[in-house]
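As structure tokens, the structure follows; a few thoughts come after it.
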Amino acid sequence: MMEREEQRMFDADGEARDRLIVWIRRRMEEYGITMTDLAAAIEADAAALKAPMYRDAYGNTWDGEGDRPEWLTRAIHAGQNIDHFRC
């Protein structure tokens with residue numbers, strides 16, 4: 001009995017997945033989104049989620065790229081070692 005119920009849930013999940021794929025494909029077509037566009041967006045999101053290299057107790061973060069943020073500069077000028085904030 002349990003196996004039948006699990007199989008029904010699996011089938012329902014599969015059907016929901018299939019419906020979702022159809023819906024996504026239709027929206028992509030409707031808005032002119034190509035697979036290349038989608039891949040580029042996913043890649044950009046992954047780059048944006050790059051792990052921070054430095055973090056303070058207040059949740060401020062810095063990935064180590066670009067200008068050093070003010071919160072970290074202030075901490076260093078106050079005598080903190082930058083390695084104290086390294087993740």
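Each residue in region 56-86 was checked for being surrounded by fewer than 11 Cβ atoms within 10 Å (Cβ to Cβ) and in contact (Cβ under 8 Å) with a residue 24 or more places away in the chain, and 0 of them qualify.
Pick from region 41-55 the residues that are surrounded by 11 or more Cβ atoms within 10 Å (Cβ to Cβ) and not basic (Lys, Arg): which of them is farthest from Asp67 (Cα to Cα)? Taking the candidates together, the pick is Ala41.
Bear in mind these aren't lab numbers, they're just calculated from the coordinates by the rules spelled out. Everything numeric here is computed off the predicted structure, so don't read it as measured data. Positions of Cβ are backbone-derived with ideal geometry, glycine not excepted, and every protein chain shown enters the neighbour counts.
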